[in-house]
Amino acid sequence: MNKYFLHGKLKASSGNGEKLAAILIEASKLVSRSATCQLYLVSKDPEQPETIWVTEVWDNKEAHDASLQNPEVRALIGQAIPILDGMPAGGQTLEVLGGYGV
């Protein structure tokens, strides 16, 4: 199985964890329309409510990169950037080997 898997951590500024999560959940709705996006999960650590995790599986890296050019996705990125506590460090890229759900 040759899929592009990205697992990233974003930290919102104080008091903005729920707002950041809502923006990312909206992004999940946009990418769900893409046949090349297999999974887009938004989650948080209950002990660190300002830290939001995004787990994505795409057919390939090019499909992921193309999604970032979507004007609606770019607008959501524009909403998220001001409420981040610093710029996100690149996500962790992994190779999907198999399993249930992908």
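What follows draws every value from the coordinates through simple rules; no lab data is involved. Because the structure is predicted, anything quoted here is derived from the model rather than measured. Don't worry about glycine lacking a Cβ; one is built from the backbone with ideal geometry, like all the others, and counts go over all protein chains shown.
Remarks
- Yes/no for Ile52 being in contact with a strand residue (DSSP E or B) (Cβ under 8 Å, 6 or more places away or on another chain), closer than 14 Å to Pro88 by Cβ and not in a loop (DSSP other than H, G, I, E, B): yes
- Of all the listed residues (Leu30, Leu39, Leu24, Leu10), the sole one being under 16 Å from Ala63 (Cβ atoms), within 11 Å of the chain's Cα centre (by Cα) and not β-branched (Val, Ile, Thr) is Leu39.
- When residues in region 56-90 are screened for being farther than 23 Å from Asn16 by Cα and in a loop (DSSP other than H, G, I, E, B), 4 of them pass.
- Scoring Lys44 on the criteria (1) touching a residue at least 24 places away in the same chain (Cβ under 8 Å); (2) not in a strand (DSSP E or B) leaves a single failure, condition (2).
- The residue that is surrounded by the most Cβ atoms within 10 Å (Cβ to Cβ), counting only those in region 24-39 that are touching a residue at least 40 places away in the same chain (Cβ under 8 Å), within 17 Å of Gly78 (Cα to Cα) and hydrophobic (A, V, I, L, M, F, W, C), is Ala27.
- Failed criterion for Thr93 (all others in (1) polar (S, T, N, Q); (2) surrounded by 12 or more Cβ atoms within 10 Å (Cβ to Cβ); (3) over 20 Å from Asn16 (Cβ atoms); (4) without any contact (Cβ under 8 Å) to a residue 60 or more places away in the chain hold): (4)
- Answer residue from region 5-36, given it is among the hydroxyl-bearing types (Ser, Thr, Tyr) and in contact with a Leu (Cβ under 9 Å, 6 or more places away or on another chain) and is farthest from Gly86 (Cα to Cα) among those: Ser28
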